[in-house]
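One structure is given here, and the rest of the page talks about it.
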Amino acid sequence: MNKNMQVRIHAQISESIAVKQSVLNDQKIIEQIQFLAKACLSSLRAGGKIIFAGNGGSFADAQHLSAEFTSRLMFDRAPLASIALGTNNSALSAIGNDYGYGQVFARELVGIGKVEDVFIPISTSGNSPNILAAVHVAKELGILTIGMTGQPGGGLMSACNCLSMPSDQTARIQECHIMVGHIICSLVEEEFFERRRVNE
């Protein structure tokens, strides 16, 4: 293999590890992850659901994390209520056509959101107009909203509480978003189904 390519591979893996190490060493982020996991647990126990939204790679992450709740992550169990906004292509195209792409998440959230829910908007830049519009709607509906972004976090940082990953590189931010999402889902399913206490 080309040695220069190997050096670049090692550099990217090292960068990914370094960002995750920064997350591990940041007590504020650890506490935010714990808070969000508890909020999701309370929502599900109250009959609410976990709502995700994102664009591009973050759209894929939103679907991925929502699926971990509705399917399973660490063990077989009943589904947990969750949805990723924008996954109905007919609704996405209709809203985009009739109201503009900036409203594709907000309008769907108006239709399905309720106060018992938790909304997790994902944006690496924090500046996606359709994400910010959905956050505004979530606030109007009284839905607890905690975003996931990177640094510096853009408009999302001022629009709602955020888990801000310590990087300005999209790939590194998204890697951390998936890691954090997996941690949250695993904590929620352990507590919801009392798996941890059974195993202790």
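Tally the residues that are touching a Leu at 6+ places or on another chain (Cβ under 6 Å) and more than 17 Å from G54 (Cα to Cα), restricting the search to segment 68-84.
Number satisfying all stated conditions: 1.
Given the conditions (1) of a type in the set (S, T, N, Q); (2) surrounded by fewer than 16 Cβ atoms within 10 Å (Cβ to Cβ); (3) not in a helix (DSSP H, G or I), and given that S167 satisfies all but one, which numbered condition is not satisfied?
Single failed check for S167: (2).
What single numbered condition from (1) assigned to a strand (DSSP E or B); (2) out of contact with any strand residue (DSSP E or B) (no Cβ under 6 Å at 6 or more places or on another chain) fails to hold for C176?
(1)
Could you please tell me which pairs satisfy a Cβ distance under 6 Å, a separation of 6+ or placement on different chains, a first residue in segment 117-132 that is farther than 15 Å from C176 by Cα, and a second residue that is in a loop (DSSP other than H, G, I, E, B) and of a type in the set (S, T, Y)?
As it stands, the answer is I131/S123, since those pairs meet every condition given.
In this structure, does L36 turn out to be more than 17 Å from I122 (Cα to Cα), in a helix (DSSP H, G or I) and modelled with pLDDT of 95 or more?
no
With respect to A67, determine if the residue is more than 19 Å from L144 (Cα to Cα), assigned to a helix (DSSP H, G or I) and at pLDDT 95 or above.
yes
Say whether the condition of being more than 14 Å from the chain's Cα centre (by Cα), under 23 Å from A67 (Cβ atoms) and not in a loop (DSSP other than H, G, I, E, B) is met by at least one residue in segment 132-145.
Yes - at least one qualifying residue is present in segment 132-145.
Quick check, is E31 more than 29 Å from F193 (Cβ to Cβ), of a type outside the set (K, R) and not in a strand (DSSP E or B)?
So E31 fails the test.
From the residues in segment 127-162 that are closer than 14 Å to Q32 by Cβ and out of contact with any Leu (no Cβ under 7 Å at 6 or more places or on another chain), which one is surrounded by the fewest Cβ atoms within 10 Å (Cβ to Cβ)?
Looking at the filtered set, the residue picked out is N161.
Residues in segment 148-200 that are under 14 Å from L24 (Cα atoms), hydroxyl-bearing (S, T, Y) and under 16 Å from the mean Cα position of the chain (by Cα): how many?
Number of matching residues: 1.
Looking at segment 103-126 only, could you name the residues that are of a type outside the set (K, R) and surrounded by fewer than 17 Cβ atoms within 10 Å (Cβ to Cβ)?
V110, G111, I112, V115
Which of the numbered conditions does I83 fail, given that it passes all the others? Conditions: (1) surrounded by 15 or more Cβ atoms within 10 Å (Cβ to Cβ); (2) free of Cβ contacts under 8 Å to residues at least 12 places away in the same chain.
Only one criterion in (1) surrounded by 15 or more Cβ atoms within 10 Å (Cβ to Cβ); (2) free of Cβ contacts under 8 Å to residues at least 12 places away in the same chain is unmet by I83, namely (2).
Say we look at segment 111-131 and pick out the residues that are part of a loop (DSSP other than H, G, I, E, B) and not polar (S, T, N, Q); which of these is nearest to N161 (Cα to Cα)?
In this case the residue turns out to be G126.
The values are calculated or read from the model by the stated rules, or taken from the named source; none is laboratory data. Since we're looking at a predicted model, the values are computed, not measured. Here the Cβ is made from the backbone with ideal geometry for all residues, glycine too, and neighbour counts use every protein chain on show.
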